[in-house]
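A.B. asks: Would you mind keeping the following structure in view while I ask a few things?
The values are calculated or read from the model by the stated rules, or taken from the named source; none is laboratory data. No experiment lies behind these values; they were computed from the predicted model shown. Cβ coordinates were reconstructed from backbone atoms using ideal geometry, including for glycine residues, and neighbour counts include every protein chain displayed. Just so you know, the surface numbers come from the protein's heavy atoms only, side chains and all, with ligands and any DNA or RNA stripped out. Shrake-Rupley method; radii C 1.70, N 1.55, O 1.52, S 1.80 Å.
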Amino acid sequence: MKSGLPIKALAAAALLAHSVTGHALEWSDNQVSVQRGLRFAEPGTAQPIRKNVYEFVHNSGDKLGTNLVLGQILESDMNYPAAGGGTGSQEFYGLLRRTFSLSKLSGREFRFGPVQDTSLAFVFERDTLNTQFAPGKRAFAAGLAFDLPVTHGFGVLNVYAYKERNYNGITATEVNFDTALMLHSAWSVPFTLGIPLTFAGDAKYITSKGKDGFGNGTKPEFRLHAELLTPVGKDTGLLVGVGYELWRNKYRANQNVVPGAKQNTALLIARYHF
């Protein structure tokens, strides 16, 4: 991957966001961010990895539901080299998510207990990485999304059936994983504590998905990403702050056996909304 790829890839994600939301929107939010962490981990790598993460996110809503388009470029240092060496690896991750509100589709409320609305949700993920392992993840998830009662901001809980195909460049094997259960939650809650702050993030749990490309059984996986941001100036759209990312049994590898399958890293974050 070339050094100009972050801008090109994120621009492509922005064009994709425009193409999938060409109809009338009731609301829309776009953001770009840069995140820096010093202790990322990758299965099979014992040393902590420094990474820069460049991200574009589009969120919007229309008369039927919501749209999410996300694109990330992750640039690693030489502790996680590209195939052939010489540079750190570069990874592209993309995600599309579409929901259809059952309340809007049916004309009657689908709410119960604390749940404010129920939606059908569909997710597609794509991931590529230029290491010797050369993964090529394609994943699809389908299920239900439950809107949670958050006075300001948002909160959502998703329950999915999750299916993944990937590639193992070490064994030159296409891997068709078993269908798994995925639980996912995301939130963004603004508040004031002397200064305006926003606490945001997401958490994901995926059950075991059968055997990997080496024939080893996979483990349940848990990932948490949390951020605490504050605006810079008034109505500039710029926020800065810190974050934390925790990963257990990363990519379903056994953290008790595989080095790098357990991750804890702090993050510095700058984000611009437009």
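A.B. asks: If you bin every alpha carbon distance in segment 79-238 into 5 Å steps from zero, what whole percent lands in each bin?
C.D. replies: Values per bin, smallest distances first: 2, 8, 12, 15, 16, 14, 13, 10, 7, 4, 1, 0.
A.B. asks: When every alpha-carbon pair in segment 105-176 is counted, what percent end up more than 14 Å apart?
C.D. replies: I get 69 percent for the Cα pairs in segment 105-176 exceeding 14 Å.
A.B. asks: Determine the share of the chain's accessible area contributed by carbon and sulfur atoms, expressed in whole percent, with a 1.4 angstrom probe. Mind dumping the intermediate values first?
C.D. replies: Working: 8650 of 13870 Å².
Answer for the chain is 62 percent, counting heavy atoms of protein chains only.
A.B. asks: Separate question: Would you mind computing, in nm to one decimal, how far apart the modelled labels at Glu109 and Thr236 are, each placed 7 Å from Cα along Cα→Cβ?
C.D. replies: 4.2 nm
A.B. asks: Can you give me the relative contact order of the chain as a percent, contacts being Cα pairs under 8 Å and 6 or more apart? Write down the numbers at each step before the final one.
C.D. replies: On the way: 751 pairs, mean separation 41.3, N = 274.
Rounded, it is 15 percent for the chain.
A.B. asks: Comparing Ile195, Ile170, Ile73, which has the greatest mean-square fluctuation in the GNM of the chain with Cα pairs linked when under 10 Å apart?
C.D. replies: Maximum fluctuation in the GNM of the chain, among the listed residues, is at Ile195.
A.B. asks: If one computes P(r) from the Cα atoms of the chain, what percent of pairs lie at distances over 23 Å?
C.D. replies: Counting pairs separated by more than 23 Å, the tail of P(r) holds 57 percent.
A.B. asks: Also, quick follow-up: Find out how many positive minus negative residues lie around Asn256, taking Lys and Arg as positive, Asp and Glu as negative, among other residues whose Cβ is under 15 Å from that of Asn256.
C.D. replies: Around Asn256, the charge tally is +4.
A.B. asks: GNM, the chain, Cα, under 10 Å: largest mean-square fluctuation among Arg98, Arg108, Arg39?
C.D. replies: For the chain, modelled as a Gaussian network with Cα springs under 10 Å, the answer is Arg108.
A.B. asks: Would you work out the charge dipole size for segment 141-254 about its Cα centre, treating the Cβ of every Lys and Arg as +1 and the Cβ of every Asp and Glu as -1, and quote it to the nearest 20 debye?
C.D. replies: Roughly 320 debye, rounded to the nearest 20.
A.B. asks: Express in whole angstrom the spacing between the alpha-carbon centres of segment 221-274 and segment 110-176.
C.D. replies: 17 Å
A.B. asks: Might you tell me the accessible area per residue for the chain, computed with a 1.4 Å probe and given in Å²?
C.D. replies: It amounts to 51 Å² per residue over the chain.
A.B. asks: Could you run the Karplus curve 6.51 cos²θ - 1.76 cosθ + 1.60 with θ = phi - 60° over segment 32-40 and give me ³J(HN,Hα) per residue in whole Hz, x for Gly and Pro?
C.D. replies: Taking θ as phi minus 60°, the curve returns 10, 8, 10, 10, 10, x, 9, 9, 5 Hz for segment 32-40.
A.B. asks: Working out 0.36 nm times the residue gap between Thr128 and Asp62, then minus their Cα-Cα distance, what length gain in nm do you get to one decimal?
C.D. replies: Between Thr128 and Asp62, full extension yields 20.7 nm more.
A.B. asks: Continuing with this model, one more query. Compare the Cα positions of Ile206, Thr118, Pro43 along the charge dipole of the chain (+1 at Cβ of Lys, Arg; -1 at Cβ of Asp, Glu; about the Cα centre) and return the one farthest towards the positive end.
C.D. replies: Going by the Cα projections, it comes out as Pro43.
A.B. asks: Under 17 Å between alpha carbons: how many lysine pairs meet that in segment 139-247, if sequence neighbours fewer than 8 apart on the same chain are excluded?
C.D. replies: Step by step, the pairs that qualify in segment 139-247 add up to 7.
A.B. asks: Shifting gears a bit: Helix 5-20 versus the longest principal axis of the chain: what is the Cα-based angle in degrees, 0 to 90, to the nearest 10?
C.D. replies: That helix lies at roughly 40 degrees to the long axis.
A.B. asks: Would you list Asp77, Asp127 from the most to the least accessible area, probe 1.4 Å?
C.D. replies: Working: Asp77 45, Asp127 15 Å².
Largest accessible area first, the residues go Asp77, Asp127.
A.B. asks: If you wrap a convex hull around the alpha carbons of segment 98-139, what volume per residue comes out, as a whole number of Å³? Could you put the intermediate results ahead of the total?
C.D. replies: Numbers: hull volume 3.6 nm³, N = 42.
Looking at segment 98-139, the number lands at 85 Å³ per residue.
A.B. asks: At a Cα cut-off below 18 Å, give the lysines reachable from Lys104, other chains included and same-chain residues fewer than 8 away excluded.
C.D. replies: Qualifying lysines at Cα under 18 Å: Lys63.
A.B. asks: Which value at 222 nm does the chain reach when only helices count, each DSSP H run of 4 or more adding -39,500 (n - 2.57), with the total divided by all residues and rounded to the nearest 500 deg cm²/dmol?
C.D. replies: When only DSSP H runs of four or more count, the value is -2500 deg cm²/dmol.
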